[in-house]
Amino acid sequence: MNRRFAIFFAALAVTLAGPALAQGRLDRGRPLIASPDLVAPPVAAHTAAPAPVETPERADVMASPAAGVLVGSIRVEGAVVLRPSDFAPAIAPWLGQVLSADELRAVATAVADVARGRGYIFARASIPRQSLATGMLIVRIDEGRVDQVQIEGGGHAGLEHILGVLANGRPVTRGALETALLTAGDVPGMTVGAARLRREDGRNILIVPVTYDRISGRALLDNRGTSLIGPVRAQLGLDVNGLALRHDALTIGGAITPAQPREFRLASARYAVQPGASGLEVGISGYYAKSAASGAFRELGITGENYEIALDARQPLLRSRKASVWATGGFAVRRGRLDAGDSLTLRTDRVSALQFGLDGYGIAAGGVLHATALASIGVGLFDATKLGDDLSSRPNGSGRFVAWNADFNWARPLGKKFTLRVTGETQLATRPLLVSEQFSLGGARLLRGYDYGERLGDEGAAGSLELSFRLPKTPKPVKRAELYAFVDGGKVSDKDSDYRSSLASAGGGVRMTVGPFTAAAEIAAPLTGPRYDSGNRSPRLSFTLAALF
């Protein structure tokens, strides 16, 4: 009996056998139907907005005699938030001194610096014309209130209710300004430039430049599939912003194996809207995928079908240039099945799950850290798979479960040319899981020397260490190019048995950016055992070509 037919019959026996057989090729379900990088509707990454332009102005001061003026005391007027005592350390060195015009200007700057040091980014101080007969010098402070927000650029309708909160007659802090600008930048299609304050006829006007993309998209071509499905895969995604409401977006996407279209086809969509000024986003999404594996499975008529409908919400808890955190939640209904021909169902899984989590980014240990933490709770609704169902992917798995997943990516520059990247992911579970919920080793992100789903387990952990070197000179039109090397490893285990498995791989490659295109070529080799698809440990050459438009 040939190897692939043996795997097929082993998969049919999963319901009668132990969990070790659940690692068979057919029962690894997700690779046969769709891997997560093809399924998940693409969502734009949140990035920090440009820093507001800080232009400490030359302080306006009264003219002083050539011999200077004697200052016996200094009084600061105009403060709304700060107390007179807050300025005492800044003005103490100037008391009892004969001050020139430049020294008077230094006094005003010192007073303004007190407010800026407290976070009032647009603070400004001046010394009006006055008589110093009594020796008292009056310094006026404007802590940086905003009287009006002026938005420059097209497509900004609706931003006023986000940025308008800054024009409340109170001094604006750096934190409040960053939160408002970043929240405005979270509006679908919106890009916020560097804000600046303009003083005009005694009023402070905050100028915020923006650009708006009504339509944007991305395309990707790679060869990270398998001989059963692929290996060449193509993906396309399109964002249509402001479709029906000011702050909404429709994202549609598709994926296919272009050389053999029947092997894999996927369509996905997500509609999201921000209903208020807090940055809350709610959405509904779904995907539908069909597969028809090649080789021996094609002769047997093995096909896969997979779909999901989900509701999700995302609320910012903290927005600043140094760190941002969002709370996420949602509810999803998933269905997956494998059939042989038109009349025989081999396997079907049905899951309905609540999800709650946090995700964010921040400055950590000299680098930038992105991290997520997610709890998934299978609630058993909508005819979810029950324990012992004949066609479930695992005889001891069901649609009732609790699983926790966390992942992170940390990158830190090492000098001007080198960058260190550390990536990790882990999962814990309370009970045996259906195949669709298990932790996976392999794929483009972790265990790159292996295919997606090379090993599955109820619990697992994986990590990657990568060092890249940016080439100092590149020929035109290459904007950026880097060489990199990596090593990664991981392990999985099951809850109801002694099953354990681990993998490791290593490799390297090159990445480059040419205009809107990004290209990468990578060679990765298994270190701990043969790759399931090839049956050996030979290195594999992968390529990726992506474009933004």
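Every residue in the range 106-125 that is among the aliphatic types (A, V, I, L, M) and assigned to a loop (DSSP other than H, G, I, E, B), please.
Ile121, Ala123
Here are Asp533, Asp496, Asp451, Asp488: which of them is more than 30 Å from Ser352 (Cβ to Cβ), in contact (Cβ under 8 Å) with a residue 40 or more places away in the chain, of a type outside the set (Ser, Thr, Tyr) and not in a strand (DSSP E or B)? First the steps, then the outcome.
On the way: Asp496 fails: more than 30 Å from Ser352 (Cβ to Cβ); Asp451 fails: more than 30 Å from Ser352 (Cβ to Cβ); Asp488 fails: not in a strand (DSSP E or B).
Going through Asp533, Asp496, Asp451, Asp488 in turn, the sole match is Asp533.
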Name the single residue, out of those in the range 267-284 being among the aliphatic types (A, V, I, L, M) and modelled with pLDDT of 95 or more, that is nearest to Gly217 (Cα to Cα).
Ala269
For Ala403, only one of the following conditions fails: (1) touching a helix residue (DSSP H, G or I) at 6+ places or on another chain (Cβ under 8 Å); (2) within 23 Å of Tyr361 (Cβ to Cβ); (3) modelled with pLDDT of 95 or more; (4) not charged (D, E, K, R). What is its number?
(2)
Output the number of residues of the range 285-306 satisfying the condition of being modelled with pLDDT under 95 and either hydroxyl-bearing (Ser, Thr, Tyr) or out of contact with any strand residue (DSSP E or B) (no Cβ under 7 Å at 6 or more places or on another chain) (or both).
7
Being surrounded by 22 or more Cβ atoms within 10 Å (Cβ to Cβ) and touching a strand residue (DSSP E or B) at 6+ places or on another chain (Cβ under 9 Å) narrows Val111, Val98 down to just Val111
Per the list (1) surrounded by 17 or more Cβ atoms within 10 Å (Cβ to Cβ); (2) in a loop (DSSP other than H, G, I, E, B); (3) touching a Gly at 6+ places or on another chain (Cβ under 7 Å), residue check on Val187 breaks on (3)
Condition (residue is modelled with pLDDT of 95 or more, more than 29 Å from Lys290 (Cβ to Cβ) and of a type in the set (Ser, Thr, Tyr)) applied to the range 336-359: is it met by at least one residue?
no
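Any idea which of Glu143, Glu152, Glu160 is closer than 28 Å to Val210 by Cα, touching a Phe, Trp or Tyr at 6+ places or on another chain (Cβ under 8 Å) and charged (D, E, K, R)? Even if it seems obvious, please write down each step before you answer.
On the way: Glu152 fails: touching a Phe, Trp or Tyr at 6+ places or on another chain (Cβ under 8 Å); Glu160 fails: touching a Phe, Trp or Tyr at 6+ places or on another chain (Cβ under 8 Å).
Being closer than 28 Å to Val210 by Cα, touching a Phe, Trp or Tyr at 6+ places or on another chain (Cβ under 8 Å) and charged (D, E, K, R) holds for just one of Glu143, Glu152, Glu160, which is Glu143.
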Within the range 406-431, count every residue that is modelled with pLDDT under 95 and not charged (D, E, K, R).
1
Spot the failing condition for Leu446; the list is (1) in a strand (DSSP E or B); (2) more than 17 Å from Ser352 (Cβ to Cβ), and only one is missed.
(1)
Could you say whether any residue in the range 454-474 is surrounded by fewer than 16 Cβ atoms within 10 Å (Cβ to Cβ), hydroxyl-bearing (Ser, Thr, Tyr), in contact (Cβ under 8 Å) with a residue 24 or more places away in the chain and out of contact with any His (no Cβ under 6 Å at 6 or more places or on another chain)?
yes
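The values are calculated or read from the model by the stated rules, or taken from the named source; none is laboratory data. Computed from a predicted model, the values in this text were never measured in an experiment. Neighbour counts are summed over all protein chains in view; Cβ atoms, including those assigned to glycine, are modelled from backbone coordinates with ideal geometry.
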